[in-house]
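J.: First the structure, which I've put down as structure tokens, then a few questions once you've had a look.
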Amino acid sequence: MHRNSLLTVTRGTFSLGLLLASAAAQAAVLPSQSAPAEAPGKQPGSLTAGLPEFLLLVPGGAVEVGLSAEELVLAVCQVVSPRRPDAAAKLSASKIELLMKQSASVLGPKKVDVPAFLLARAPVTCAQWERYLIEKRRTGKMRPPFDWWRYGAEEHYNQSLPEIGKEFPKDADGPVLYWERHGAELPYSLQTKDGKSFADQPVTYIDYRSANDFAAWLGMRLPTEAEWTRAARGDGTNVWPWGAGEQKNDVYSEEVLDGLRILKTKDKARKPVGSVDGNRGPFGHVDMFGHVWQLVAGTSYRPINGEEPFKDAWKQLQKDKVGALLTAPPLWKDDRALAKGGSFLSAGEPIQLLVDARAPMQTIDVLESVGLRLAKSLRPGYDMLYSLLRGTYDRSRFVRGQDIDLAMQAGIERYELGSDGFPTAYQAVSFAPVNWLATDPKSDLGKVLDQTQVEPLLVGSLATSLPLAEPSVPAGHYSVLYRDAGMPRELVEAIKAGHKEMQALAKKPKKEDAKEGEDGEAGEKDDKPADKPDKGDKKKAGWRDVLARFGLTEADVTPKEAANGLKFVRVDGFEVSTEHGNYLLHGNDGKVVAAIPSHKKLVAGAALASTLELGADAKNRMVVHIVTGAPISQQNQKRIVAVPFSVTLDRPAGQNDDWRLPTN
């Protein structure tokens, strides 16, 4: 975590708009006018059966995303002068310019179709996050959120101040820097020294990557911005979250802040989830607005609906007398996480309570007012892989323009739920191919497969929460590479040359020893300078270079059996058989850690749909057979290569057969 992002922790009590000069803030606060949707776990036999009960269904539909120039100008004027919006420009032109600068990224309205999905009834609580922390600490280190130590273990915090001063002398941010460095060893509690619990309050001080890792642990993900907006706005077109009814209510006034319980000083803090009635969404979700900012999926601060809608709205903004006070568009950044919903601090900057407002922040930022809410699709295993791809994931095998094609994902999953409906276990296997295989637009499959003998080909990404068997591989997230059977000719020849020379070198000392015994002196001395190689040295070095490129050494070609060639190469130091094709699992440490034999050829053909079947091996272990496909190249999207991929789980077949499987 960079130093500049650490400052946001200690200053998290300030408004996010003050923290980020170009921040676009949003919150939505709808009255609790609709009954909560039925929880998925209450629908046996349906597509959502067996899912956690805190998820509520958001029906599919078109949602209005973004604002027109006229809507933005009016909203800004209402915030500057609630009683006389028409006089706002005269009262404070500079304030209008600042608020439009913070909010201009939402310009460019558009209707967006959002498929049905599931969204957690409330933001993730501290108690829920603690279950994750405990689980992670069983196998490694993980620090609790900053406030769990700062206020939950205040006595230890105070006792640490002298040590903090020594470690970070004269540094006002010393406590945060100390927490960053030593957080995994620090004590924590979910209640203050006065015994006040914050276990049921939303967890905050969570960065974007950690949020995705947590979501993946539960087989879920962060909602997309369009999904969040659908859950917040529903079928309405309202600008303000409380304006879903009559148009006359779709205005800003200071009275609504009191209804959100964020106006009074004592209320400018986190509260137990669901304790405020005025911030519900149209589908029964609580704390949608004005409680904590909620991270959404994606890391790009760009116009909310793309360049063209923004350009059109920007032109209209510049034609408006008030809108023209903003003379330059926002500075776009492609490395920013976004949050929605405003927070308990938004009373100071109520422009954050627009339905479409958004807050850009660094992916490493941890803030007192930023938390998360979980979403889930109806596709088994999809969300786990989706989140892992946005969390801690090694992408060293990807080339520019290459990514995972989640539209072709296939997987299985199952939950075990506790008495409170929260998962006690999540088990899943999920695989998705890359969006294309080869960089050469003229590649055919034969050439591509030949090249895999030199450099294994990235074919997809595997996520499994269960360990694999034969090879024994722990649960985790892996890039999947493919290497075809056989060896390239240059390697075959290098092995032969290397074996011949190593055998000759092995015999040479014996001949010289024998001659020395007969003559009583060493053999004829080679009077060539030691640092001057003979004519054959360059050729000798050649086979060694070839071996090195395939992870082989002199020791590999020395034995007598190497005279007939070798039956393996090494990739990242891992031995891979060349007698058959192999799928190689490339871990997040940047190395190949296992090889899974391929029993079917990769073949090219027309478009195909992903399929998944469950089976058993000879030892009655559960096998997941997946077939997906990827275009052979970025330029040739019509020629699809079928990728048949199977994994054997370290688990008996038929055990807990309540798996959620893909549906047509």
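Bear in mind these aren't lab numbers, they're just calculated from the coordinates by the rules spelled out. Since this is a predicted model, take the numbers as computed values, not measurements. So basically every Cβ, Gly included, is an ideal-geometry build from the backbone, and we count neighbours across all protein chains shown.
J.: Rounded to whole Å and ordered largest first, report the semi-axes of the equivalent ellipsoid of the stretch 291-396 derived from its Cα gyration tensor (root of 5λ).
T.: Here the semi-axes work out to 29, 19, 13 Å.
J.: Would you give the gap between the C-alpha center of the stretch 210-254 and the C-alpha center of the stretch 44-104, rounded to a whole Å?
T.: That distance is 9 Å.
J.: Now for a separate question. Is it possible to state the helix-based mean residue ellipticity at 222 nm for the chain, with each DSSP H run of 4+ residues giving -39500 (n - 2.57), the sum divided by total residues, to the nearest 500 deg cm²/dmol? What is it?
T.: -8000 deg cm²/dmol
J.: Could you give me the percent of Cα pairs per 5 Å distance bin for the stretch 574-664, shortest bin first, beginning at zero and ending with the bin that holds the maximum distance?
T.: 3, 12, 15, 18, 20, 18, 10, 3, 1
J.: Using a basic spin-label model with each label point 7 Å from the Cα along Cα→Cβ, how many nm lie between residue 156 and residue 139?
T.: It works out to 2.4 nm between the two label points.
J.: Please report the net charge: other residues with Cβ closer than 14 Å to the Cβ of residue 429, K and R +1, D and E -1.
T.: Values: positive: 379, 414, 621, 651, 660; negative: 383, 413, 613, 650.
Within the 14 Å Cβ shell, the charges total +1.
J.: Residue 191's amide H: which non-local residues (gap 5+, or another chain) put their own amide H closer than 5 Å, with H modeled 1.01 Å from N in plane and none for Pro or chain starts?
T.: Amide H neighbours of residue 191, under 5 Å, 5+ apart: 198.
J.: Let me check I've understood the local charge: for residue 123, count other residues with C-beta under 12 angstrom from its C-beta, Lys and Arg +1, Asp and Glu -1. What total comes out? Mind showing how you got there, number by number?
T.: Numbers: positive: 121, 270, 271, 340, 373; negative: 200, 287.
Summing Lys and Arg as +1 and Asp and Glu as -1 gives +3.
J.: Quick one: of the DSSP bridges fully inside the chain, what percent are antiparallel, nearest 5? Intermediate results must be reported in sequence, preceding the final value.
T.: On the way: 80 of 85 bridges.
Roughly 95 percent of the DSSP beta bridges within the chain come out antiparallel.
J.: Ok, one more. Explain nothing, just compute: Karplus ³J(HN,Hα) = 6.51 cos²θ - 1.76 cosθ + 1.60, θ = phi - 60°, for every residue of the stretch 240-257 in order, whole Hz, x for Gly and Pro.
T.: Values, residue by residue: 9, x, 8, x, 6, x, 6, 4, 5, 8, 7, 9, 8, 8, 5, 4, 5, 5 Hz.
J.: How high is the FRET efficiency from residue 249 to residue 320, r the C-beta distance, R0 30 Å, rounded to 0.05? Please list the in-between numbers first.
T.: Values: r = 24 Å, r/R0 = 0.80.
For R0 = 30 Å, the calculated efficiency reads 0.80.
J.: I've got another one for you. Please sort by residue number the GluC sites (Glu not before Pro) in the stretch 564-661 whose DSSP state is loop and whose Cβ has at most 15 other Cβ atoms within 10 Å. Mind showing how you got there, number by number?
T.: On the way: sites: 575, 579, 613; in loops: 579.
Those satisfying the criteria are 579.
J.: Give me the number: length gained by fully extending residue 49 to residue 600, i.e. 0.36 nm times residue separation minus the C-alpha to C-alpha distance, one decimal in nm. Could the numbers behind the result be given before it?
T.: Numbers: separation 551, 0.36 × 551 = 198.36 nm, distance 3.45 nm.
Full extension of this stretch gives 194.9 nm more.
J.: Follow-up question, since we're still on this one. So what is the relative contact order for the stretch 61-121, in percent, with contacts set as C-alpha pairs under 8 Å and at least six apart? Show your work: numbers first, answer last.
T.: Numbers: 62 pairs, mean separation 31.4, N = 61.
That works out to 52 percent.
J.: Scan the stretch 275-334 for chymotrypsin sites (Phe, Trp or Tyr not before Pro) in coil per DSSP, keeping those whose Cβ has at most 10 other Cβ atoms within 10 Å, and list them by number.
T.: On the way: sites: 283, 289, 293, 301, 310, 314, 332; in loops: 283, 289, 332.
The qualifying sites: there are none.
J.: Would you mind getting me the FRET efficiency between residue 312 and residue 637? Use the beta-carbon distance for r and R0 = 35 Å, nearest 0.05.
T.: Numbers: r = 30 Å, r/R0 = 0.87.
Efficiency at R0 = 35 Å is approximately 0.70.
J.: Using 1/(1 + (r/R0)^6) with R0 = 45 angstrom and r between the beta carbons of residue 170 and residue 395, what's the FRET efficiency to the nearest 0.05?
T.: Working: r = 40 Å, r/R0 = 0.88.
It comes out at approximately 0.70.
J.: Moving on. Let me make sure I get this right: for the stretch 404-506, a, b and c are the square roots of the gyration tensor eigenvalues over alpha carbons, sorted descending. Under 1.5 in a/c it's rounded, otherwise prolate if a/b > b/c, else oblate. Which is it?
T.: On the way: a/c = 5.62, a/b = 1.95, b/c = 2.89.
Because a/c hits 1.5 or more and a/b fails to exceed b/c, the stretch 404-506 counts as oblate.
J.: Along the Cα-to-Cβ line of residue 611, 7 Å from the Cα, sits a label point; which residues in the stretch 388-412 have backbone N less than 20 Å from it?
T.: 407-412
J.: Shifting gears a bit: For the stretch 546-600, what is the convex hull volume of the alpha-carbon atoms per residue, in Å³?
T.: Details: hull volume 4.9 nm³, N = 55.
Given the Cα convex hull of the stretch 546-600, per-residue volume reads 89 Å³.
J.: Per residue and in cubic angstrom, what volume does the convex hull of the Cα atoms of the stretch 200-262 have?
T.: Values: hull volume 8.8 nm³, N = 63.
Hull volume normalised by residue count: 139 Å³.
J.: Over the chain, what is the relative contact order in percent, taking alpha-carbon pairs closer than 8 angstrom and at least six residues apart?
T.: Values: 1444 pairs, mean separation 104.7, N = 664.
16 percent.
J.: Another one. Label points 7 Å out from Cα along the Cβ direction at residue 185 and residue 440: separation in nm?
T.: Simple spin-label model gives 5.4 nm for this pair.
J.: While we're looking at this one, here's another question. With all distinct Cα pairs included, what does the Kirkwood hydrodynamic radius of the stretch 113-153 come out to in Å, to one decimal, could you say?
T.: Numbers: mean 1/r = 0.0795 Å⁻¹.
That comes to 12.6 Å for the stretch 113-153.
J.: Please compute the Cα-Cα pair-distance distribution of the chain with 20 Å bins starting at 0, giving whole percents from short to long.
T.: Result, from short to long distances: 16, 41, 29, 11, 3, 0 percent.
J.: At q = 0.24, 0.30 Å⁻¹, what log₁₀ I(q)/I(0) does a Debye calculation on the Cα points of the stretch 418-470 give, no solvent, two decimals?
T.: Each listed q corresponds, in turn, to -0.98, -1.15.
J.: Can you tell me the order of 133-141, 438-446, 233-241, 586-594 when each peptide is scored by its average per-residue count of other Cβ atoms within 10 angstrom, highest first?
T.: On the way: 133-141: 10.9, 438-446: 14.1, 233-241: 21.1, 586-594: 17.0.
Ranking, from highest mean packing down: 233-241, 586-594, 438-446, 133-141.
J.: Under the definition of Cα pairs under 8 Å and six or more residues apart, what whole-number percent is the relative contact order of the stretch 198-282?
T.: Details: 58 pairs, mean separation 28.9, N = 85.
It comes to 34 percent, rounded to a whole number.
J.: Follow-up question, since we're still on this one. Cα-based Rg of the stretch 163-213 per 2.2 N^0.38 Å, rounded to two decimals? Intermediate values should be presented prior to the final figure.
T.: Values: Rg = 13.9 Å, N = 51, 2.2 N^0.38 = 9.8 Å.
Compared with the compact-globule rule of thumb, the stretch 163-213 sits at 1.42.
J.: On to the next question. Under a point spin-label approximation (7 Å from Cα along Cα-to-Cβ), what is the residue 110-residue 425 distance to one decimal in nm?
T.: Taking the two extended label points, one gets 4.4 nm.
J.: Please report, for the Cα atoms of the stretch 183-304, the Rg to one decimal and the Dmax as a whole number; what are they, in angstrom?
T.: Rg, Dmax (Cα atoms, Å): 16.9, 55.
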